Every structure is written in structure tokens, then in C-alpha cells.
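The values are calculated or read from the model by the stated rules, or taken from the named source; none is laboratory data. Please read all numbers here as calculations on a predicted model, not as lab measurements. Reconstructed Cβ throughout: ideal geometry from the backbone, glycine too, with neighbour counts over all protein chains shown.
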Amino acid sequence: MSYTKISDGPRDGADRPKDVTKPRILRADDRTLQQLRNMGSIQVTTRELALCLAVSEPTLLKFLNEYPEARAAYEMGKGQGKVSLRRLQFSMAARSAAMAIHLGKTYLGQRDSRNAELSRGVEIVALMRETIAACYATTDAPEDA
């Protein structure tokens with residue numbers, strides 16, 4: 001078990017020796033690194049991760065900053081989770097038109113032709129209104145004969 005030395009004396013002024021140590025809450029051991037990878041793979045936030053590990057978020061952030069291998073494990077898990085999700089989306093696209101459309105919009109810059117048709121329809125209606133208004137304007141004008 002790893003221990004961290006407490007540098008400050010007791011807050012209440014009790015007679016406690018200053019070299020009392022407390023157990024380190026988080027350790028960068030294989031078990032913890034695997035937990036970080038697993039939790040990262042499902043895209044948990046640092047707040048959720050801290051809750052899972054039963055520590056405060058500042059304690060977790062300090063741990064991730066002090067142990068680069070812990071930060072790397074968490075980030076690796078997040079990256080692997082994203083790749084896994086993308087793989088699942090592409091396999092779903094073979095069975096789901098909605099997913100194929102979503103991926104087409106996201107990666108190929110495609111857009112709904114219906115939206116384009118509606119947009120063009122709105123432009124046509126506006127042009128027709130202008131034309132009709134122009135016709136009425138010319139028929140209402142007094143004739144100079």
C-alpha cells in the first residue's frame with residue numbers, strides 16, 4: 001500500500017504527530033488503469049469517473065495530472081470507445097436507412113433533397129407573389145391615352 005505524508009499538523013490543535021501518514025486513495029496500478037480504460041471507452045466524464053472511483057473530482061484530476069500513464073489509459077479508452085461506436089454505426093447503416101442517411105450527411109456532406117425542394121418551392125412562391133404584385137400595380141395605374 002502506498003502512503004502519502006501529511007505535512008500539516010492537525011487542524012484542531014490535538015496532539016497528533018506530524019509524520020502521520022494516510023493511505024493513497026488512487027494508485028496507478030493495473031487494476032486502476034484498466035478501470036480508467038473501461039470507463040473512458042463509454043465516454044464517462046471526469047465527474048462521473050470520480051464518482052465511480054469514490055473520490056472527489058479535484059482528487060481525480062490531480063491523480064491524472066501526476067500519473068501520465070493514468071491519463072493515457074483514460075484517453076486511450078475514450079479513443080477506443082469512439083472507434084467502437086463508429087464501427088457500430090457503419091454496420092447499422094447496412095440495415096437502417098436512417099443511419100445511412102445520418103452517416104451520409106455527416107461524412108459525405110449530403111443533405112435531404114426534400115429540404116432542397118422545399119427551399120426551392122419557397123423561392124418560387126416568393127417570385128410568383130412578386131410577379132402578381134407587379135401585375136396588379138400596372139393594372140391599377142391610370143392609363144395615359
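Residues are listed down the side, and each one gets a yes or a no for (1) modelled with pLDDT of 90 or more; (2) in the same structural domain as Leu36 (by TED's automatic domain parsing); (3) of a type in the set (Val, Ile, Thr); (4) on the phi < 0 side of the Ramachandran plot:
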| position | (1), (2), (3), (4) |
| --- | --- |
| Gly81 | yes, yes, no, yes |
| Arg87 | yes, yes, no, yes |
| Ala94 | no, yes, no, yes |
| Ala97 | no, yes, no, yes |
| His102 | no, yes, no, yes |
| Arg120 | no, no, no, yes |
| Glu123 | no, no, no, yes |
| Met128 | no, no, no, yes |
Helices (runs of 4 or more DSSP H) (entirely within the stretch 15-75) containing at least 2 residues that are at pLDDT 95 or above and within 28 Å of Leu88 (Cβ to Cβ):
30-41, 46-53
Identify, by number, the condition in (1) surrounded by fewer than 17 Cβ atoms within 10 Å (Cβ to Cβ); (2) under 27 Å from Tyr107 (Cα atoms); (3) among the hydrophobic types (A, V, I, L, M, F, W, C); (4) free of Cβ contacts under 8 Å to residues at least 12 places away in the same chain that Ile42 doesn't meet.
(4)
Which pairs turn up if I take residues in the stretch 84-100 that are in a helix (DSSP H, G or I) and look for partners that are of a type in the set (Phe, Trp, Tyr) and surrounded by 12 or more Cβ atoms within 10 Å (Cβ to Cβ) with beta carbon separation below 9 Å, at least 6 apart in sequence or on another chain?
Met99/Phe90
Considering only the stretch 49-108, how many residues are among the acidic types (Asp, Glu), closer than 13 Å to Arg37 by Cβ and surrounded by 13 or more Cβ atoms within 10 Å (Cβ to Cβ)?
1
